[in-house]
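Where a number appears in this text, it was derived from the coordinates with a stated rule and is not lab data. Values in this document were obtained by computation on a predicted structure and should not be read as measured data.
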Amino acid sequence: MLSLADRPSVAARAAAPAWLLAAALAAAPAHAEPVTLNLKDADINAVIGTISEVTGKNFIVDPRVKGKITIISSRPMESDEVYQVFLSVLDVYGFSAVPSGKVVKIIPDANAKQIAVPTTDDDSPVRGDEFVTRVIELRNVSAAQLVPILRPLVPQQGHLAAYVPSNMLIIADRASNINRIVNLINRIDLPSSDEIEIVPLEHASAAEIVRILTTLAQQDKARGGGAPADPDASPVLIADERTNSVLIGGGKSGRLRLRALISHLDTPLQTQGNTRVIYLRYAQAKDLVSVLTGVSTSVEQQGKAAGQAAAAPANNVPVSIQADESSNSLVITAPPDIFNALDGVIKQLDIRRAQVMVEGIIAEVTTDVSAQLGVQWIADGTPGGDGPVGLTNFSNAGSSVTNIAGAIATNNLSGLSLSGLALGIGRFNSNNVNFAAVVQALKSNGSTNILSTPSLVTLDNEEAEIVVGEEVPFVTGSFTSTGTGSGSVSNPFQTISRENVGITLKVKPQINEGDAIKLDIEQTIDSLGAKGDAVDLVTNTRSIKTSLIVDDRQVVVLGGLIQDNVRQTVQKVPLLGDIPLLGWLFSSKSTTKGKTNLMVFLQTTILRDEAMMNRLTGSKYGYIRNLQLGTREQGMLMLRKEDAPVMPLMDDLLALPPLPGDGGNGSAAPRQP
């Protein structure tokens, strides 16, 4: 063992030269034997060199590191202990040893925290007075709250800060001081005694229990003249109506007192269940009775399966659910747990339902073209009546030649029904041969353009119907009584049936998730057609019945009819009608061409709120009002402009004062139970 005190060169304790200390330690091999340090007023740079030889470390000394140091040791120390003593000496004199690779930098404390000092954690702690950085993660308390508490424990040259996002503390200081602070943090960073307890209720209502206990706490606070000194005396109460439970937060003593109160309040009622009236805003009370009855039965069965029936005899009371249609309300008699379940279902069903506006566009374009050309002959070879008589009579050539000849013979042309060009020649007073020839030609063009735009608004999943047309009478039968005697009476009559002829639109929308709409549509278009050879009126019917899915504001084509009809009729006399060029004198031709295009389009718009409804209503309202104003400006009315009725502005209608009992926005004031 080598003792610096045993050497004569350093035994004198009064201001020994530093080179003597270095020379004495140089004679001894490093790490060979323990060393006893007894120094007084030794130069710090000489001591650094000696420590380098004893520990085998390489040092870089800052020029500002100067001074005399004193070390007193009573026992020999190994090299590691000597280095720890050296670090403590540097701490006393305001210097720090910062490892940097294979060397150790000795610098003033003020600059130590700005250099890359080692970073430690719980897995690799460092002891002694080495300058290090430590990151401490907190689990229960806030890092920002600990900074002002720990700040006095960190020296001025150290560093202490909080990183709030991850709730961590960053400390740069001596390892020994950091370890002391870590021990303090471990005693402070403990779980709080404030826990959350969940108290399920069997008989009482959670909302009612919370209301009673909150009122009681407020009265106690008012009598005490302020906030209580004990924090446990003011716990937090929250009602969970879904599970009919009370959540209690706060100190242990306060939670225990509240649990005792809740256990006394959560007792069965003396009466058989509670009776409450729930007023509905949107849903129909009679429609909810069957749904709520099924829900109550399910809740009762679940309660029995969980063993609640034995603990709560009141739950065995039959649940009564009745609807009052006059006030659109529900009268429910049920235990609190079942009533809470029913109340939750009612709140989810009694919501404002979306509406759907369906606009249809029915476009029909019809074109009819017809042409006819015919020649008819009549000849009488023997005016005396004994000769042959011949004629050609074609049904598609217009009026018959015999009718025309008879009208000319009697000079009564008013009875003829002629269309187009009718050119005739003939002789009727000859004693030899009388004849007549008629040429008739006709060409006609007809077109029809019908555009109908029916629209209607209906609730989601409710069928709506709009009919635009007229009732047309149809004869279904007749009776005539013919008497045989002079005293009999004839009483003829006819039976008539009236049917709608026009446009009928039936639609049932169903709004799915998002903006998709399922539509059940039935579209019928009835119109009166040409009578022709029918004994009564003829109606044309075009009908579409389908189901489809469309998106909001999407235009879709339902279907249509495209009909192209061509009919050509040729009537001629055999053989004579086949003669080239002259054959047209013995024939009649008629051609009829008809083309009908019918398409039905549909657009749906979801009206989810009042603003959307007002916007669409305002556009339709403004359109009709502008038509009225245009008619009045054109002078088509017999009244003066000032006296002609015109619809008021939409804004003026919305600004009208509310009716008695109105809530101020056009809807009935909400009723309170």
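Seen from every direction in turn and averaged, the convex hull around the alpha carbons of region 544-635 projects onto 14.1 nm².
Counting only residues at least eight positions apart within a chain, or on another chain, the lysines with an alpha carbon under 24 Å from that of Lys508 are Lys286, Lys518, Lys545, Lys620.
Check the straight Cα-Cα distances from Lys572 and name the aspartates and glutamates below 12 Å, setting aside those fewer than 8 residues away within the same chain. Hits, sequence-local ones excluded: zero.
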